[in-house]
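Peer 1: Handing you this structure, nothing more for now.
The values are calculated or read from the model by the stated rules, or taken from the named source; none is laboratory data. Just so we're clear, the structure is a prediction, and the values are computed from it rather than from any experiment. Positions of Cβ are backbone-derived with ideal geometry, glycine not excepted, and every protein chain shown enters the neighbour counts. These accessible areas exclude ligands, DNA and RNA; they are computed on the full protein's heavy atoms, side chains included. Shrake-Rupley method; radii C 1.70, N 1.55, O 1.52, S 1.80 Å.
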Amino acid sequence: VQLQASGGGSVQAGGSLRLACAAPGSIFGLYIMGWYRQAPGKQRELVAVITTGGVTNYADSVKGRFIISRDNAKNTVNLQMNSLKPEDTGAYFCNAHRFNTRDTYWGQGTLVTVSS
C-alpha cells in the first residue's frame, strides 16, 4: 500500500502550508488517516488524525492552527497548517491505520521548515 504525501516546503513563521496525502481507494474508506511529524533528534509524534466518520483529534501544540480534513471523492487527507512556528519544523508523515487492528501504513516524509 502506497501513501503519497506532498506539499511540504519552507515558510516564515506565521505563514501557512497545506499538506496532502493520497491513499488507495481500497483502504481510504476503512482506515483512520493521520499526520505525524518528527523533528530532528526527536521521536515521531502525532499531529492530527481523522476517522472515517470525520471525527478529528489534534495534538495540543497545533490545536487552533492546523485543520485536518479528508476528501472521500479523491481519497485524500489534507492538513492545513496556519500560523506556523519554528517548532513545527520537521518531517511530516502520512499514516493510515485500521481501527482495532495492527494494520498501519506510512507514507514517505515531506519536509516542513519554518524559519523565524
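Peer 1: Using helices alone, I'd like the mean residue ellipticity at 222 nm for the chain: each DSSP H run of four-plus residues gives -39500 (n - 2.57), total over residue count, nearest 500.
Peer 2: -500 deg cm²/dmol
Peer 1: What does the charge dipole of the chain about its Cα centre add up to, to the nearest 20 debye, if the Cβ of each Lys and Arg holds +1 and the Cβ of each Asp and Glu holds -1?
Peer 2: With Lys and Arg at +1 and Asp and Glu at -1, about 40 debye.
Peer 1: For Thr89, what accessible area in Å² do you get when you roll a 1.4 Å probe over the heavy atoms of the protein chains, rounding to the nearest 10?
Peer 2: For Thr89, the solvent-accessible surface is approximately 40 Å².
Peer 1: Now, a different point. Ignoring ligands, DNA and RNA, what percent of the accessible area of the chain is carbon or sulfur (1.4 Å)?
Peer 2: Of all accessible area on the chain, carbon and sulfur atoms account for 49 percent.
Peer 1: Still on this structure, I have one more. Report relative contact order for the stretch 22-94 in percent, whole number only (criteria: Cα-Cα under 8 Å, sequence separation at least 6).
Peer 2: Relative CO of the stretch 22-94 lands at 34 percent.
Peer 1: Moving on. Given the chain reduced to its alpha-carbon atoms as identical point scatterers, what log10 I(q)/I(0) does the Debye formula return at q = 0.20, 0.21 Å⁻¹?
Peer 2: Values returned for q = 0.20, 0.21 Å⁻¹ are -1.03, -1.13.
Peer 1: If you count only protein heavy atoms with a 1.4 Å probe, what accessible area per residue comes out for the stretch 1-99, rounded to a whole Å²?
Peer 2: 50 Å²
Peer 1: Here's something else I'd like to know. Students often forget the sequence filter, so: which lysines lie under 24 Å Cα-Cα from Lys42 once same-chain residues fewer than 8 apart are removed?
Peer 2: Hits, sequence-local ones excluded: Lys63, Lys85.
Peer 1: Heavy atoms only, 1.4 Å probe, whole protein assembly: order Arg102, Arg44, Arg65 by accessible area, highest first.
Peer 2: Of Arg102, Arg44, Arg65, the descending order of accessible area is Arg102, Arg44, Arg65.
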